[in-house]
Every structure is written in structure tokens, then in C-alpha cells.
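Undergrad: Could you have a look at this structure, given as C-alpha cells, before my questions?
Here, each number is a calculation from the coordinates, and none is a lab measurement. As the structure is a computational prediction, the values presented were derived from the model and not from experiment. So basically every Cβ, Gly included, is an ideal-geometry build from the backbone, and we count neighbours across all protein chains shown.
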Amino acid sequence: MLFKNLASAGSDRVLAPMDRSRFGPRGARNRLRVAGFVCCTGSPGMWGPATTSAAQLAVAEINRRGGILGREIELSVYDAGGPLEEVLDRAEQAIAFDEADLVMGMHTSAVRVALRKVTRGRIPYIYTAVYEGGERTPGVVAIGETPRWQIRPSIHWLAETRRATRWYLIGSDYVWPWQSHRAVKRYIKETGGLVVGEEFVPVGEDDHEAQLERIRAAKPDVVLISLIGTDSVTFNRAFADAGLASTTLRFAGCVDETSLLGIGADKTENLFCASGYFPSVGSHAGDGFRDRYRAMFGPYAPPVGSCGESAYEGFCLLEAAANRAGTLDMRPLLAAADNLVYRGPRGPVTVRSGHARMPMYLAEADGLDFRVIKAI
């Protein structure tokens, strides 16, 4: 298998798995080997470049500070896209052959559910992406947005401010939309609203004509979109082309500036999203991250929105947890990671017993950018 070694800032060489013998056994050498599992192919693969760049920026900054507890980070990126069996094979190689000390997961929940069986009891696993919540597997720390804090206040705002009562739910056919929609239905009920339709679309589907006909017939006020990656892009483009964008609100749980580029500036009318990170928030921490990202990768680098930025957050958590624990040994590191406050581009993030709380914002698409409406 080939992978990129991103320990050095700016490196883009593709290397075969390197000779690890010179570093000694796991945990007994001067480098901390992090296996970054990033979706580089498939529908969520559109976030791969920005995610990899954000991770690379974090590694470069930490290594300039002397590493984590004196150990320089050595980051290898593995594709978390494609058949799950192949992803699990890569994980086994990362742990057994490449001797990874830790997995940093920046991918879908379907991969997380499978991958945690490989890492359990062996090495820590930090999962950074927006997800459905409820992760309790020993050894896994999840820091992404969850429906309770991301979607619930957004539904209440749309109900109160835009008088939304009729909701249509559409999502990709895997665990994140399945579990998220269960919570969404409760939140809609809290507002007195009604779910007038729900469906799950196979990942990779790009023909949405049938779904759009059902949405048109149901006459919702809001279509809540839990489609992933390019599936969300093609759906939103088709939604606008069908003439629905001007009459029907859209709320998406996983859309960022990369998604807007794919959708197109003329097709984002009435599209809302909530996230812990938008480049337009205007915070000191967020602006500094954006500026350092541009300085390292240039003005034409992949736009880094909430999905890509989460990779940077994972390394913020790792550094804070290691400093608090005073060790990189698995048990004390995980104990520290599950009960702390760390700071990153999103501001202060509190992790307690498997739940991450962070500043959260509701935004409306404005062409190819998001305009933040309010903190929620």
C-alpha cells in the first residue's frame, strides 16, 4: 500500500511504508506515529484535500513547538474511502506493520463503527467529524458536532423565525443520517412541526429526480439534508434547477465552503447550516487559523470549512490531553482526553464523558460563502 508521509511541512512525496526498525518498538522512540484515516475517494472524498492540509498544518505547528512531550509527530495518511473491508485492512497494517501509536479519524460514521473494532484495546482513536452522537466505545474520543447542540437549536430557530412547520428529511443510507433523523424527529415535534416525508438514498446516487418529485408533492417548508459529500452537492444543484430553492428552505447538517463551491453560487438560495466553525465567524482563534492555513498552502489552497478544519481540532485535543496527562500511555491519555477543555480555531471546546461542547453557529449561504446569522 502507498501512503503520504506528512511529518514535514509541505511534503507531497508518495512513499511506500517506511522501515520502522530504527525507531524501536511502539511507545519507546522519539516520534509519535499518527495514522490519519481520511476519506480521499468516494462521495466524502471531496473533503480529502482540505482535511489533509489542515492536519498537516497542525502537525507542522506542534513539531515546531518541540512535538508532544518531546516526541515529533509523524503523520501518515490512509484512505478511509472505498469498501470497508479494504479500510480495515489498511488499519490493521497501520497498527501492526507501521506501528501507529494513535488513529486520527476524519471520515464517515460508517467507517468509525467498523474501525473502532480494530483499534479497541490497542491504541487510542480520536474521531473528529460531525456525527450522530452517543459514541461510548472505550478508547474512542469523539469531538464533532452532534444533533443535540447543532440541529436542535437550528430547528427551533427556523420554526420560530421562518414559521417552518412542515419538514422533509433526506439522508444518505448509513448510520449518521439514520441516528440523526431519530433525534431530528423529536426536535421537530418539540416545535409542533410535522415530518411530511423521509427517505434514505444509497451513497453515490447522483440522480435525484424521483426524490425531488416526492418533495414537491409533499410541500414542505424545510428540507433537512443529511446527504454526504458529493451526494449533497448533486442533490442541492438539482434542487435549485427544479425551481425549489426560491420557495423551500434547506437545512444541511454537513455542508461547508467546499460543498458550496460544488453547488455553485447561483444555487445556494435559502440554504442554512449549523457548525462549530465557519471562516466568517470573525474570532481571533478562527482568523489566526485561516491566516496560517493560507500562509502555508497559498491563496489557491482547498477552502477549509468545518469538515476539513475538524482534523486540526483533533491535534489540538491530542496535545492538550497529553500535556494534562504528562504521558502518552494509552489509559492516562484517554482519561485526560475525556475530561478537559482545549482551545482551537472553534474556541474553547469542553469534552466531558464522551460529549464535546463548543461554540455553535447558524449560518445562511451567501453565494460561495456562509454568512453567520447567530450563535446558537
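Undergrad: Give me, ordered by chain and number, the residues 5 or more places off Asp173 or on other chains with an amide H under 5 Å from its own placed amide H.
TA: Result for Asp173 returns Val201, Val203.
Undergrad: A further question follows. Consider the candidate values [x] 65, 40, 36; [y] 66, 46, 41; [z] 52, 47, 40; state which one is Cα extents along the principal axes in Å computed from the structure displayed.
TA: Structure-derived value, by its label: [x].
Undergrad: Relative to the Cα centre, what is the charge dipole magnitude of the stretch 124-256, using +1 at the beta carbon of each Lys and Arg, -1 at the beta carbon of each Asp and Glu, and rounding to the nearest 20 debye?
TA: For this selection, approximately 700 debye.
Undergrad: A further question on this structure: How far, in degrees from 0 to 90, does helix 284-297 lean away from the longest principal axis of the Cα atoms of the chain, to the nearest 10?
TA: Roughly 70 degrees between the two axes.
Undergrad: Okay, next question. Rounding to the nearest 10 and keeping the result within 0 to 90°, find how far the Cα-based axis of helix 209-218 lies from the longest principal axis of the chain.
TA: Tilt relative to the chain: about 50 degrees.
Undergrad: If amide H atoms are built 1.01 Å from N in the plane of the peptide, which residues on other chains or at least 5 residues away come under 5 Å of the amide H of Met360?
TA: Ile376
Undergrad: A follow-up question, please. Given labels modelled 7 Å from the Cα in the Cβ direction, how far is it in nm from Leu368 to Thr161?
TA: Computed distance between label sites Leu368 and Thr161 equals 2.6 nm.
Undergrad: Under the rule of -39500 (n - 2.57) per DSSP H run of 4 or more residues, summed and divided by the residues of the chain, what mean residue ellipticity at 222 nm is obtained, to the nearest 500 deg cm²/dmol?
TA: Calculated mean residue ellipticity at 222 nm is -11500 deg cm²/dmol.
Undergrad: Ala301 versus Ala242, label points 7 Å from Cα toward the beta carbon: distance in nm?
TA: Using points 7 Å along Cα→Cβ, the separation is 3.8 nm.
Undergrad: Between the helical axis of 109-119 and the dominant principal axis of the chain, each derived from Cα atoms, what acute angle in degrees is found, rounded to the nearest 10?
TA: Around 20 degrees separate the two axes.
Undergrad: Within the chain, what's the longest run with no trypsin sites (Lys or Arg not before Pro) in a DSSP loop and at most 10 other beta-carbon atoms within 10 Å? Give the range, please. Walk me through the numbers on the way to the answer.
TA: Working: sites that count: Arg13, Arg65, Arg136, Arg163.
The longest such stretch corresponds to 164-376.
Undergrad: May I pose another question? Starting from the amide H of Glu198, placed 1.01 Å from N in the peptide plane, find each other amide H under 5 Å away whose residue is 5 or more places distant or on another chain.
TA: Leu169
Undergrad: Here's a follow-up. Whole-Hz Karplus ³J(HN,Hα) for the stretch 165-180, in order, using 6.51 cos²θ - 1.76 cosθ + 1.60 and θ = phi - 60°, x for Gly and Pro?
TA: So the J values, rounded to whole Hz, are 10, 10, 10, 10, 10, 9, x, 5, 8, 7, 4, 4, x, 4, 6, 5.
Undergrad: Treat every Asp and Glu Cβ in the stretch 254-376 as -1 and every Lys and Arg Cβ as +1, leave all other atoms uncharged, and give the resulting dipole magnitude about the Cα centre to the nearest 20 debye.
TA: Dipole about the Cα centre, nearest 20: 460 debye.
Undergrad: From the backbone phi of the stretch 264-272, what are the Karplus-calculated ³J(HN,Hα) couplings (6.51 cos²θ - 1.76 cosθ + 1.60, θ = phi - 60°) in whole Hz, Gly and Pro given as x?
TA: Each residue's phi maps through the Karplus curve to give x, 4, 8, 10, 10, 4, 6, 10, 10 Hz.
Undergrad: What distance in nm lies between label points placed 7 Å from Cα along the C-beta direction at Arg65 and Ser353?
TA: Between Arg65 and Ser353, the label points sit 2.9 nm apart.
Undergrad: A further question on this structure: May I ask you to evaluate 6.51 cos²θ - 1.76 cosθ + 1.60, the Karplus curve with θ = phi - 60°, for each residue of the stretch 223-233 and list the ³J(HN,Hα) values in order in whole Hz, giving x for glycine and proline?
TA: 9, 8, 10, 10, 7, 9, x, 5, 5, 5, 4
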